[in-house]
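Derivation of every value follows stated rules applied to the coordinates shown; laboratory data play no part. Just so you know, these numbers come straight off a predicted model, no measurement behind them. Every residue, glycine as well, gets a Cβ built from its backbone with ideal geometry; the counts of neighbours run over all protein chains shown.
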Amino acid sequence: MPRPSAVSSAGLPSVRISRRGVSRLQDGHVWVYRSDVSANSVPPGALVSVADERGKPLGTALYSSSSQIAIRMISRDAVGDLGALLRERIQAAIAYRERVVENTDAYRVVFSEADLLPGLIVDRYNDLLSLQVLTQAMDAEPVRQTVVSKLDEALHPEAIAERVEPRVRELEQLPPRASGLIRGEKSHTIFSMNGVKFHYDALQGQKTGAFLDQRENYAAAAQYARGEALDVFCYQGGFALHLAPHCSKVTGVDSSRPALEVAEQNAALNGREIEWIEGNAFDLLKDYAAAGRQYDTIVLDPPAFAKSKRTLETALRGYKELNLRALKMLRPGGILVTCSCSYHVSLVDFLAVLASAASDAHRNARILEVRGQARDHPVLLNVPETGYLKAVVSNVSY
Ligand code: SAH
């Protein structure tokens, strides 16, 4: 590769990318891997101008000195003022949610690459915002200040919390940082989705607190739910609470006691009686099936089993086992709502697993809906990594 020139015409450090990197960008992706990037003494997290091997400009990107994803494109053009661009993108992200989000005061405001703001996630829970920074560039102090002041000005939250993933900071070689409030003092609120109320504590819980990506699937599941229902991997009761008004009995299962404690508080908040069981879902389903328990509605929403391509086979076996047991425990005419949030398990793989589980269970499963993540978690067509959630609703007969 030719030596990169140190500074571009826009005054930014410049990087050059190989033919393979160029072809990724031409395909519409926004990431270029380290092996395709030549960057000489570019500071961590810098805004860089990107060129091909011959020096032809390809746009502007955020650079990471440590991640395998060295380049995340932010524009096809030269960028003079990063602050102005970030403000504009956040405004566009907010405007998009105003169009597509309904019946809730909790939703994802900014979804990283899918909002052309790679490395930034912002969730809203009523009057609180929760922010996650995933890259060196988004961690830079001036960038943080721009993001926080724009969010303050556009959404007027009571408080903004930052949720830190220590593993991500390690990978990005960023100094450790504690989760906590970065604006305001309020850390607890109550939010609602589809008329169901939830407690939210900005300083506790998994992800940014709730699984907002399932919001539209909760409403869909509620439409079909009836009879006795089992919500497996229920966390703080997202599905269970939505099923309760339509079912004679709802049981939620999770291995996390703290999650179930919040689930119980959520049930009380909505005046619902739900049975919560702490346990390992695999063991519990096995025991319940052996005991001949039957249900009319079952939801399966396990954590991502395939964290990487390498674990795909094991993950598929896990999905198969769960779905097989659930299918066997459904009464004729029962409803199965089954999810996978593993990016590495494609919809095609997932449907194949379900088909094989149905045939082993000697059941017919009619697909009522094939769904994905809620629209506040948009999928960028040319960045397949932005799409990860699959939710299949089916009607099961013998
Ligand atoms: N359905 C939930 C989200 C589920 S996230 C919602 O809509 O809010 C996955 C959940 O699985 C987590 O709450 C985690 O505690 C739980 N979990 C992980 N492994 C488990 C296991 N082996 N058995 C039971 N629960 C498990």
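Listing for the model above:
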| item | result |
| --- | --- |
| C-alpha long axis of helix 281-290 to longest principal axis of the chain, angle in ° | 20 |
| Orientation-averaged projected area, Cα convex hull of the chain (nm²) | 19.4 |
| q = 0.14, 0.15, 0.17, 0.20 Å⁻¹, the range 1-148: log10 I(q)/I(0) [Debye, one scatterer per Cα] | -0.66, -0.74, -0.91, -1.18 |
| Separation between Cα centres of the range 115-162 and the range 209-267, rounded to whole Å | 29 |
| Separation in nanometres of the label points that stand 7 Å from Cα toward Cβ, at SER356 and SER41 | 5.5 |
| Paired Rg and Dmax values of the range 197-332, which use every Cα atom, in angstrom | 14.7, 44 |
| Gaussian network model of the chain, Cα within-10 Å springs - most flexible of GLU313, GLU278, GLU158 | GLU313 |
| Long pairs among LYS197/LYS328; LYS307/LYS390; LYS249/LYS307; LYS249/LYS286; LYS307/LYS328; LYS56/LYS150, criterion Cα-Cα beyond 22 Å | LYS197/LYS328; LYS249/LYS307; LYS307/LYS328; LYS56/LYS150 |
| Fraction of beta bridges assigned by DSSP in the range 283-398 that are antiparallel (%, nearest 5) | 75 |
| Residue-averaged 222 nm ellipticity for the chain, from DSSP H runs of 4+ at -39500 (n - 2.57), nearest 500 | -9500 deg cm²/dmol |
| Cβ-defined net charge surrounding HIS29, 12 Å radius [Lys, Arg +1; Asp, Glu -1] | -1 |
| Tail weight of P(r) past 18 Å, computed on alpha-carbon pairs of the range 115-208, percent | 45 |
